[in-house]
Amino acid sequence: MSVGMEHCFKLLFVASMALFLANGSQAQGLKVGFYSKTCPNVETIVRNTTASFLSRAPTLAAPLLRMHFHDCFVRGCDGSVLLNSTQNSQAEKAAIPNLSIRGFQVIDAAKDAIEKVCPGVVSCADILALVARDSVYLIKGPFWQVPTGRRDGRVSLLSDALANLPPPFFNITQLKALWQQKGLNVKDLAVLSGGHTIGNAHCPAFSNRLYNFTGKGDTDTSMDPNYIAQLQQKCKPGDTTTIVELDPGSFRTFDTSYYNYIAKRRGLLQSDAALLNDKETKAYLDNQLTSSSPSFFKDFGVSMVKMGNIGVLTGKAGEIRKHCALVN
């Protein structure tokens, strides 16, 4: 082979690899419009179903988004978070981090509607990914194209959820390590944390910051003391039922105000406040607050697609469940 030909082949190889890496969703068997021939109305059915629930209960958007996140971080985006426990095994649903997730009825309703027109075609994992996107879009958040083609897993274990879901007290080093383990980078961490612009947290998720941060009956000195005083009025010691907005005053609307609260040292969870402890995450946060055209909406869609690619089952792996809570 001549030097010129060899050089051309090298260039072709590099270009092919670049295309492969840039188009990771197709490389894993996912693609936008996967059901265009087998179930062309799937996205319309999912959006209409999601809208019907959110019109009555807009606060469902946050747990539906969180459900997709919790699915993808445990065994990949395979719908395993949707499975019920059995006599022999406790499923992911039974893990403490998942006990506060709501909205399974939305997934079930979308699945039922799809099964009537396209039986045995659309996976529960794909439905969950679409519902998460539509939940964000329907509360004035961004819209992004969701690559589909996932298949459903057959295994769901409580122990897997405990081992893979980030607890609210993780520091920045632990968060970065977990995100890297899932194939996500530091920017993805800063962006996906912004999903806390919607939703609530129960007092136990952050009460240690108010009453016993280092085991000496003290408060977390990294948190605004005035905010601590406000939270102490809402969450008394031992309170396990009260919920507090993650993004006060804006918890039903998808926007950039979450980053404003973090910058003011009013991040509710330690894992939120941790964004101030890394140069890259803090730079992203600062940029969203100072830019004349914040990139958060666009970035969120990009990072959600990346997250939606984690550990997917495609081709002949897994199955297409008839009922999302049960293996076939």
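Things worth noting here:
- Orientation-averaged projected area, Cα convex hull of region 57-139 (nm²): 6.0
- Under a Gaussian network description of the chain, with springs only between Cα atoms under 10 Å, the residue in ALA61, ALA51, ALA229 that fluctuates furthest is ALA229.
- Cα centroids of region 28-61 and region 91-114: 15 Å apart.
- Highest-fluctuation residue, VAL136, VAL186, VAL117 considered, GNM on the chain with Cα pairs under 10 Å: VAL117
- Neighbour-limited loop hits for trypsin sites (Lys or Arg not before Pro), region 243-328 (at most 10 other Cβ within 10 Å; DSSP other than H, G, I, E, B): LYS316
- Region 263-278 residues near the modelled GLN181 label - backbone nitrogen below 19 Å, point 7 Å along Cα→Cβ: 270-272, 274-275
- Low-density loop cleavage sites - trypsin sites (Lys or Arg not before Pro) in region 167-250, where at most 10 other Cβ are within 10 Å (DSSP): LYS216
- Most fluctuating residue given options THR253, THR44, THR281, as computed from a GNM of the chain linking Cα atoms under 10 Å: THR44
- At 1.002 mPa s and 20 °C, Stokes D of the chain from Kirkwood alpha-carbon radius, µm² per second: 102
- Shape class of region 105-210 from the Cα gyration tensor (axes a ≥ b ≥ c, square roots of the eigenvalues): prolate, since a/c reaches 1.5 or more and a/b is larger than b/c.
Each value in this text was obtained by applying a stated rule to the coordinates, not by laboratory testing. What you see is a predicted model, and the numbers here were worked out from it, not measured in a lab. Counting neighbours? That spans all protein chains shown, and the Cβs are built from the backbone with ideal geometry, glycine included.
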